[in-house]
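We did not get these values from a lab; they are worked out from the coordinates using the rules stated. These numbers come from a predicted model, not from an experiment. Cβ: placed from backbone, ideal geometry, glycine included. Neighbour counts: every protein chain shown.
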Amino acid sequence: MLALLCGGQGTLSSAMFDLVADQARAEPVFAAATRQLGQDPRDLLRTPEAEGPSTNHISQILTVTAALAAHACVADLLPKQTAVAGYSVGEMAAWSIAGIWTADEALRLTDIRARLMESAAEQPGRLAYIRGLDRHALEPLLQHRRCAIAITNPGDLFVIGGAEQDVTDLCHEAEAKGAARTGLLAVKIASHTTHLERAWKPFQQVLTASRCSPIASRYTLLNGSDGARIFFADRAIEKLARQVARPIDWSATLQALAELGVSKVLDLGPGHALAEMMQASFPSIRCYSADGFRTMDGLRNWIASD
């Protein structure tokens, strides 16, 4: 089974659309993104003086656009049974790929999601990563700095969130306690923590009113928060909404994919972090990222291969 993974907003770059920028199959996705941004996303990345990808709502739209555009370029080649899961805002792309929303609707909802998160933030927030410190050692530091684990990744890699200064100080303390690496992410909001508690209920109302279709029969959709399988969108909306203010266990999602019998993984991006995590956790599974291919023909040939 092939699995498609949709990335989060921490790995945006000016080259993120290079593989798909001139692909006719991706044009409807770029058109949908343009309607939300007021500017073609490809042009936006080429215009340094414009409001940049670091802005939360723009970043989230670009992230979802990247995954949807890559999927559009290979959708005709996908096997009859394909799993799909999304990391953080990538879950919005995953739901669209699974057939629940059109690209237009997914990007409209993503914009609302981002703006609700921004309005719920009571102070400037930040996400950071801490690698090589186990949860037992990390917990006292989190309590001291009023931060929280936002995402649990494999291999003692945690994303933490909180007020920006608290997150910065916590990274320094984690290094002093023996963390292998720490660093601030470009995400300037404390996603997946209770700092955004006021965002999830309004978002749930928006999702409930959205134009949903049944999950397409060819897709197995997993919840990005814990790996649980989603059979009916309307029964999973509350969990998707709560995700903006609750931690994500991505390790559990990768484990669930392995237990499904996935033998091949394509990280749709942006970036290649999800493919690297899966490969490190399950070395027998073939894992690649879309942006690791130099040409679309190369990517399509890989999809079509056994």
request  = Could you calculate the contour length gain from Arg115 to Ala21, that is, 0.36 nm times the residue separation minus the distance between their Cα atoms, to one decimal place in nm?
outcome  = 31.2 nm
Relative contact order (%) - the chain, alpha-carbon pairs under 8 angstrom, separation at least six = 24
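How many times 2.2 N^0.38 Å is the alpha carbon radius of gyration of the chain? Don't skip to the answer; put the middle values down first.
Details: Rg = 18.2 Å, N = 306, 2.2 N^0.38 = 19.4 Å.
Here the Cα radius of gyration is 0.94 times the empirical estimate.
How much of the DSSP bridge set in the chain is antiparallel, in percent, rounded to the nearest 5?
Close to 50 percent.
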request  = Go ahead and collect, in residue order, the members of the stretch 122-165 whose backbone nitrogen is under 15 Å from a label point 7 Å along the Cα-Cβ direction of Thr194.
outcome  = 122, 142-150, 161-163
note = One would report the Cα pair-distance distribution of the stretch 11-152, bin width 10 Å, in %, as 10, 36, 30, 18, 6, 0
key: Loop trypsin sites (Lys or Arg not before Pro), the stretch 169-210, which have at most 14 other Cβ atoms in a 10 Å radius of their Cβ (DSSP)   = Lys177
key: Separation of the Glu259 and Thr295 label points, Cα + 7 Å toward Cβ, nm   = 4.2
message = Can you sort Arg113, Arg235 from fewest to most other Cβ atoms within 10 Å of each residue's own Cβ?
response = Arg235, Arg113
key: Point-charge dipole on Cβ atoms (K/R +1, D/E -1) for the chain, about Cα centre, debye to 20   = 540
ask   = Given the Cα atoms of the stretch 229-271, and with Rh set as the inverse mean 1/r over their pairs in the Kirkwood sense, what is Rg to Rh to two decimals?
value = 1.02
request  = Provide the percentage of antiparallel DSSP beta bridges, counting only those with both residues in the stretch 125-184; round to the nearest 5.
outcome  = 100
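What Kirkwood hydrodynamic radius, in Å, does the stretch 172-238 give when the mean of 1/r is taken over all pairs of distinct Cα atoms and then inverted?
Answer for the stretch 172-238: a Kirkwood hydrodynamic radius of 15.5 Å.
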ask   = In which sequence would Thr55, Thr11 go, from the one with the fewest C-beta neighbours within 10 Å to the one with the most?
value = Thr55, Thr11
inquiry  = Between the stretch 135-179 and the stretch 199-247, what is the separation of their alpha carbon centroids in Å?
reply    = 28
request  = Sort Thr208, Thr82, Thr34 so that the residue with the fewest other Cβ atoms within 10 Å of its own Cβ comes first and the one with the most comes last.
outcome  = Thr208, Thr34, Thr82
Sites His136 and Ala180, calculated FRET efficiency, Cβ-Cβ separation with R0 22 Å, nearest 0.05 = 0.85
remark   = Mean projected area, convex hull of alpha-carbon positions in the stretch 111-183, reported to one decimal in nm², is 5.0
query = How would you classify the stretch 164-306 from its alpha-carbon gyration tensor, with a ≥ b ≥ c the square roots of the eigenvalues: rounded for a/c under 1.5, else prolate if a/b is greater than b/c, otherwise oblate?
reply = oblate
